[in-house]
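Right, one structure below, let's go through it.
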Amino acid sequence: MFPERFSTLPAYAFPRLRALLDAHEAGGPVVHMTIGEPKHGFPPWILDVIADHAEGFGRYPVNEGTPELLEAIGAWVARRYGVTLDPATQVMALNGTREGLYNAAMALCPEEKGDKRPVILSPNPFYQVYAVAALSVAAEPVFVNATEETGHLPDYESLPADVLDRTALAYICSPANPQGAVADRDYWTRLIALAERHDFRILADECYSEIYRDTPPVGALQVAQEMGADPERVVVFHSLSKRSNLPGLRSGFVAGGPESIARMRQLRAYSGAPLPLPLQHAAAAVWADETHVEENRALYAEKYADADRILGHVPGYHSPQAGFFLWLPVDDGEEAALKLWRETGVRVLPGAYLSRDTAAGNPGKGYIRVALVAPRVETADGLTRLAGCLY
Ligand SMILES: Cc1ncc(COP(=O)(O)O)c(C=O)c1O
């Protein structure tokens, strides 16, 4: 016997991509532009921090994060957003945000809302953990298309009142993977006001917050505080994976109201896989440093400029406001990815592997997602071949 509730889950994006492409020869030297795995260097000095605290591998780590790590995160939030959190009650260390985004639904989604099955809102296209989290807690996932017309962010205000009344949690990703759109102060204000009116909680995935062009994106916590919203209304997720090129460190955090964080901490005490102590020390040092983050941003700025130069003429091309993906319009994403692979050796992801069919159509079908993670020369070469082949 196996659970039925996951039977509607499609295969994960990357096995699907391998099934699409790998039966065919690459049409040139291979350039990987599929996965969002940063390739710039991480701060090399973390190796010394890990070595200095290596005795910690001999101990079970603190579940919620060492006080030193929680303090470092609290100090970063204060510097970045001007929001003062109590690290002891409002922050928890994560093993990367994916784990936290999943476990937040476990800890925070009620069995029923107003005697009805709860709804979990997700943007569409979206980071896939949101859907499996909703299924895991037997909530109804409602996918809300984020398209050109809606500024590539979901318009949750357009949902019928009965759906909003049943909504327990709303995932939102800003800067958005895959489109690179950023929720501005007005967007956050309206979303938080909607959540207050219909009494749901916002799970704000802000893991791309530090990869931006000129202006640091405003954060959900910051706007909630400015509005004087219920502190339990917003729970935010941040990561060192993209900010500091440390996807393998598996380090992020969740922050929000004390009740929400207490509930997440309690579940983690039972079932969590906390970050090893030497890595918690390294993470604390990395949150305290901005120099490497600025250098990292400068490398992305060069690649945004290259992308604008190479693809600026493409109808419907939007230079991303933030993050490291291009979301490029094509007739059919799968056909385009296959053609590109067979003719040039460039690998990109069909947009529909990140999106779902809805009554209003599948918003990913006519797109490919292109990750600008490889070094500049390789990225520019991939984009040039892509432009020549598809446009
Ligand atoms: C939108 C989004 N959220 C969360 C994550 C998870 O990142 P991590 O678990 O490495 O912090 C990713 C990783 O690609 C992502 O793109």
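Laid out as a table, the results:
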item: Evaluated at q = 0.18, 0.20, 0.23 Å⁻¹: base-10 log I(q)/I(0), Debye formula over Cα of region 18-124; result: -1.15, -1.24, -1.37
item: Rounded to the nearest 20 debye, dipole of the chain from Cβ charges on Lys, Arg, Asp, Glu; result: 580
item: Calculated from backbone phi, Karplus (6.51, -1.76, 1.60) coupling profile of region 98-103 in Hz, x at Gly/Pro; result: 4, 4, x, 4, 6, 5
item: Among the listed pairs K339/K365; K303/K339; K113/K242, those beyond 26 Å (Cα-Cα); result: K113/K242
item: Cut-off 19 Å, label 7 Å out along Cα→Cβ of A54, residues of region 227-260 by amide N; result: 249
item: Overall form of region 268-343 per C-alpha gyration tensor (a/c, 1.5; a/b vs b/c); result: oblate
item: C-alpha center-to-center spacing [region 1-72, region 299-313] in angstrom; result: 26
item: Residues in region 304-320 that a label on R376 would reach, taking backbone N under 14 Å of a point 7 Å out along Cα→Cβ; result: 304-309
item: Anisotropy class of the chain from Cα gyration tensor, a/c 1.5 cut; result: oblate
item: Sequence-distant residues sharing a close amide H with V234 (under 5 Å, placed H); result: I202, G257
item: Size of region 144-206 as Cα extents on the principal axes (Å, biggest first); result: 29, 21, 18
item: Most mobile of G361, G256, G345 in a GNM of the chain (Cα contacts under 10 Å); result: G361
item: Per-residue HN-Hα couplings for region 374-391 [Karplus 6.51, -1.76, 1.60; θ = phi - 60°; Hz; x = Gly/Pro]; result: 5, x, 3, 5, 5, 5, 5, 4, x, 5, 5, 5, 4, 4, x, 7, 9, 10
item: V314 versus A88: modelled label distance in nm, points set 7 Å from Cα along the beta carbon direction; result: 5.2
item: Estimated D of region 225-360 in µm² per second, where Rh is the Kirkwood radius over Cα pairs and Stokes-Einstein applies at 4 °C, 1.567 mPa s; result: 68
item: Contour minus Cα-Cα distance for D332 and F6 (0.36 nm per residue); result: 114.6 nm
item: Per residue, in Å², the accessible surface of region 49-144 once ligands and nucleic acids are set aside, probe 1.4 Å; result: 42
item: Prolate/oblate/rounded label for region 69-155 (Cα gyration tensor, a/c 1.5); result: oblate
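The values are calculated or read from the model by the stated rules, or taken from the named source; none is laboratory data. These numbers were taken from a predicted model, which means no experiment stands behind them. Heads up, the Cβs are rebuilt from the backbone with ideal geometry, glycines too, and the neighbour counts pull from every protein chain shown. These accessible areas exclude ligands, DNA and RNA; they are computed on the full protein's heavy atoms, side chains included. Shrake-Rupley method; radii C 1.70, N 1.55, O 1.52, S 1.80 Å.
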